[in-house]
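Have a look at the structure below, then the notes.
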Amino acid sequence: NSSGIFYFSLQIGSLDDHYLFQHPKISKRSAIPSDGHHSLLTEPKNRDDDLNMNVIEAWDLGYTGKNIVVSILDDGLETDHPDLVDNYDREASTDINDNDSDPKPRFTYSNENKHGTRCAGEVAMKANNDVCGVGVAYDSKIGGIRMLDGVVTDAVEAASLSFNKQHIDIYSASWGPDDDGRTVDGPGNLAKKAFKDGVTEGRGGKGNIFVWASGNGGHNSDNCNCDGYQDSIYTMSISSVDEFGNIPWYLEQCSSTLATTYSSGEQGGSQISSTDLQHECTDSHTGTSASAPLAAGLIALVLEANSALTWRDVQHIVVMTSRRGNLIDKDPGWVTNGAGYEAGMALDDGCWRHVRLAEKWKEVPTQNECETPVDTIAKKISGSGKIIVTMTTDFCDTQTEKVNYLEHVQVKMFLDFSRDGDLSIDLISPAGTRSNLLSPRKYDHSENAFENWIAMTTHFWGEKAQGTWTLEIQNKGSSFNT
Ligand SMILES: [Ca+2]
Ligand SMILES: [Ca+2]
Ligand SMILES: [Ca+2]
């Protein structure tokens with residue numbers, strides 16, 4: 001079921017309409033009325049209707065991921081796992097670490113290389129086989145690219161991101177710079193080229209889909225906009241909420257996130273169920289790493305509904321059909337933008353609406369890029385002070401590359417500042433939508449890491465570009481003294 005808890009029901013003997021339900025948390029028999037047991041079994045029905053990815057409705061429409069290929073870029077894939085073996089796709093798999101074609105993980109006593117196999121199960125666990133669970137796209141083809149179990153160089157990343165790009169539709173990844181709250185880093189030249197080639201040449205020119213986990217550095221006040229893999233317009237950065245729609249403790253909130261799916265939350269709460277190493281199953285897969293594969297599975301259903309979709313069409317469909325659910329209560333910073341969209345933190349819960357929209361989607365026009373320079377500003381940011389930079393642009397209105405509506409907005413900055421972790425930066429669009437590009441990061445004591453730094457925001461999606469933009473740069477160092 002959609003909450004990730006397994007239930008087993010067996011008809012009792014030949015009695016009509018009598019079934020025995022088992023819950024994994026309850027093993028004992030009891031002779032007294034067990035209201036608590038009943039509530040565990042009925043828990044999903046008691047949940048808010050808004051807290052549902054509506055995957056079953058998409059399955060009912062006939063979309064189960066058939067002929068769509070997903071590959072997990074991770075620490076390996078247990079290719080003979082009984083819940084994955086039927087969907088395993090050799091062509092979508094390789095081993096960059098050991099330079100062979102078999103992505104099986106390196107087995108250790110502690111099963112440390114279980115991550116890729118867990119992510120793969122979320123996408124492609126087989127249905128109706130009495131093993132583990134059911135993947136979101138349970139008829140899709142699943143591959144694994146083993147690349148995290150070794151030194152991860154730019155070349156390793158690029159080889160992984162470009163592997164068999166005419167065969168693989170969707171790449172799912174959950175790695176990047178350290179989540180320590182003080183690293184500002186991103187893809188190297190080769191990985192950047194792999195992204196660019198993927199979206200222009202991959203999938204027969206429709207573009208590969210790169211799904212990315214938004215990072216687990218929330219407890220270090222890390223910001224996913226300091227992560228160039230999230231900031232790339234070519235990746236779909238996916239964030240997490242727990243089963244009740246709460247913001248989890250590990251979450252990094254930032255403007256490059258495109259949508260959100262479920263994952264783990266507080267200790268004791270439900271976590272994600274999937275396949276595990278040694279032919280086992282797990283119900284304890286966690287973090288934003290568990291959210292990205294769910295999105296990859298959703299997108300597999302979308303591509304099955306319409307395989308002509310480009311990489312940008314897919315991003316549009318996700319933005320247009322994601323809903324806030326009850327997240328508005330949990331995140332006071334919530335905004336609906338000037339185009340009526342809720343890009344960024346909205347819950348990717350409209351699976352059936354995704355596929356319905358995909359069926360009738362008309363390809364978006366060519367992507368136009370327009371760059372507007374701002375003069376160098378020599379202003380000092382005093383203690384707890386703020387500087388405001390405004391820029392009026394016609395966004396290439398008079399040229400052939402006119403931007404009619406916005407998708408991604410990037411801000412390239414050269415900032416000269418004494419303690420980068422103290423900075424908070426907001427961008428406000430002509431429509432009045434405010435997007436936080438950078439939040440204060442208490443562990444970042446470095447200076448001048450933001451040289452040629454590109455922040456990206458999806459929050460202005462669909463808005464008009466022309467008009468006056470405002471950038472607010474604030475010194476919030478004093479906020480750590482309390
Ligand atoms: Ca191997
Ligand atoms: Ca299964
Ligand atoms: Ca991070």
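The values are calculated or read from the model by the stated rules, or taken from the named source; none is laboratory data. All of these numbers come straight from a predicted model, not from anything done at the bench. All Cβ positions, even for glycine, are placed from backbone atoms using ideal geometry, and neighbour counts span all protein chains on display.
Annotations for the structure displayed:
- Within region 138-186, the set of residues being farther than 19 Å from G297 by Cβ, within 14 Å of ligand 3 (Cβ to nearest atom) and not hydrophobic (A, V, I, L, M, F, W, C) comprises G176, P177, D178, D179, D180, G181, R182, T183, D185, G186.
- For D222, the criteria (1) buried (at least 24 other Cβ atoms within 10 Å of the Cβ); (2) in contact with a Phe, Trp or Tyr (Cβ under 6 Å, 6 or more places away or on another chain); (3) at pLDDT below 95; (4) not hydrophobic (A, V, I, L, M, F, W, C) hold in every case but one, which is (2).
- Restricting the first member to region 426-449 and to residues that are among the charged types (D, E, K, R), and the second to residues that are in a loop (DSSP other than H, G, I, E, B) and exposed (fewer than 15 other Cβ atoms within 10 Å of the Cβ), the beta-carbon pairs closer than 6 Å and six or more apart or on different chains are E447/S418.
Here's the yes/no breakdown for (1) under 30 Å from D394 (Cβ atoms); (2) buried (at least 22 other Cβ atoms within 10 Å of the Cβ); (3) in the same structural domain as T117 (by TED's automatic domain parsing); (4) modelled with pLDDT of 75 or more:
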| position | (1), (2), (3), (4) |
| --- | --- |
| T275 | no, yes, yes, yes |
| H279 | no, no, yes, yes |
| V302 | no, yes, yes, yes |
| G338 | yes, no, yes, yes |
| M345 | no, yes, yes, no |
| T366 | yes, no, no, yes |
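Every residue, every condition in (1) under 22 Å from A290 (Cα atoms); (2) within 16 Å of ligand 2 (Cβ to nearest atom); (3) at pLDDT 95 or above, yes or no:
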{"site": "L73", "(1), (2), (3)": "yes, no, yes"}
{"site": "D80", "(1), (2), (3)": "yes, yes, yes"}
{"site": "R90", "(1), (2), (3)": "no, no, yes"}
{"site": "S101", "(1), (2), (3)": "no, no, yes"}
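- Qualifying residue in region 437-444 (condition: hydroxyl-bearing (S, T, Y), under 23 Å from H219 (Cβ atoms) and within 24 Å of the chain's Cα centre (by Cα)): yes
- Residue pairs whose Cβ atoms lie under 6 Å apart, separated by 6 or more positions or on different chains, with the first residue in region 172-187 and closer than 13 Å to G215 by Cα and the second part of a strand (DSSP E or B) and within 10 Å of ligand 3 (Cβ to nearest atom), are S174/A213; G176/D227; P177/D185; P177/D227.
- Every listed requirement among (1) surrounded by fewer than 24 Cβ atoms within 10 Å (Cβ to Cβ); (2) more than 13 Å from P177 (Cβ to Cβ) is met by T260 save one, (1).
- Looking across region 125-163 at every residue that is surrounded by fewer than 17 Cβ atoms within 10 Å (Cβ to Cβ) and away from ligand 2 (no atom under 16 Å from the Cβ), the one that is nearest to N189 (Cα to Cα) is identified as D154.
- Exclusive hit being more than 14 Å from ligand 1 (Cβ to nearest atom) and surrounded by 24 or more Cβ atoms within 10 Å (Cβ to Cβ), set E91, E78, E122, E112: E122
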